[in-house]
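The values are calculated or read from the model by the stated rules, or taken from the named source; none is laboratory data. A quick note: this is a predicted structure, and the numbers were derived from the prediction, not measured. FYI the Cβ positions are ideal-geometry reconstructions off the backbone, even for glycines, and counts take in every protein chain you see. For the accessible areas, the whole protein counts, side chains as well, though only heavy atoms, and no ligand, DNA or RNA atoms are used. Shrake-Rupley method; radii C 1.70, N 1.55, O 1.52, S 1.80 Å.
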Amino acid sequence: YSPESLKFSAHEKGANPEAKALEVWNSGEGILTWQLHSDSPWLTVSPDGGQSSGEKDVVSVALDISGLTVGTYAGAIRIESSDVAAGSVAVPVTLTVEEALAIISVSPASLTFSVLLSQGDPLPQTLYVRNLGGGEMSHQA
């Protein structure tokens, strides 16, 4: 199998990290029937089983970070073989969830001021600045 471990990172309340590939194959003789099992609810594999006579089977490893808070999470994918003598191996999976990002939103996108020289200052206009993300944002006018 390859790689020997997988590492992911994501931002809290953000998008799930991009799936990664895990390759499983038979390095011996004959046909290997294998099954994969995840030990964490945020960790999924597809397909979760197959057979190899030497070719590399590609498995998609995906994460769902919904509801996870900032921190480091450890999980594993267990590869079990139909060959009892081969036993099973665990592929460690590490997920680091970082603080959410601030996403600035400004509305309206632009302001236009017009005034005649004899009229003095133009009328004030309002510019709204919002954080659409989850992280902290500071601004100054």
Heavy-atom accessible area per residue of the stretch 50-91, all protein chains kept, 1.4 Å probe, expressed in Å², is 54 Å²
Amide H contacts of H11 (H built 1.01 Å from N, under 5 Å, at least 5 apart or other chain): E98
Would any residue of the stretch 27-43 have its amide N under 16 Å from a label point 7 Å out along Cα→Cβ of A85? List them or say none. 27-33
Given unit charges at Cβ for Lys, Arg (+) and Asp, Glu (-), the dipole magnitude of the chain about its Cα centre in debye, nearest 20, is 480 debye
Place a +1 charge on the Cβ of each Lys and Arg in the stretch 77-141 and a -1 charge on the Cβ of each Asp and Glu, then give the dipole magnitude about the Cα centre in debye, rounded to the nearest 20. 220 debye
Specify which residue in the list G30, S53, G14 is farthest towards the positive end of the charge dipole of the stretch 4-62, using unit charges on the beta carbon of Lys, Arg (+1) and Asp, Glu (-1), about the Cα centre. G14
When the charge dipole of the chain is computed with +1 at the Cβ of Lys and Arg and -1 at the Cβ of Asp and Glu, the Cα pointing farthest to the positive end, of L43, A90, L123, is that of L123
If I compute solvent accessible area with a 1.4 Å probe over the protein chains, what percent of it on the chain is carbon and sulfur? 51 percent
Apply the Karplus curve 6.51 cos²θ - 1.76 cosθ + 1.60, θ = phi - 60°, to the phi angles in the stretch 80-92 and return the couplings in whole Hz, x for Gly and Pro. 10, 10, 6, 8, 4, 5, 6, x, 9, 10, 10, 9, x
Using a Cα-Cα cut-off of under 24 Å, which lysines could be cross-linked to K56, ignoring same-chain neighbours fewer than 8 residues away? K7, K20
For the stretch 10-23, in residue order, the Karplus 3J(HN,Hα) values (coefficients 6.51, -1.76, 1.60; θ = phi - 60°; whole Hz; Gly and Pro = x) are 7, 9, 3, 6, x, 6, 5, x, 5, 4, 10, 9, 10, 9
The stretch 71-91 to the stretch 8-70: how many Å between their Cα centroids? 11 Å
Describe numerically, in nm with one decimal, the distance between label points set 7 Å from Cα along Cα→Cβ at L68 and at T33. 3.3 nm
Can you list the residues, at least 5 places off or on another chain, whose amide H is less than 5 Å from the amide H of V91, using H built in the peptide plane? I77, R78, I79
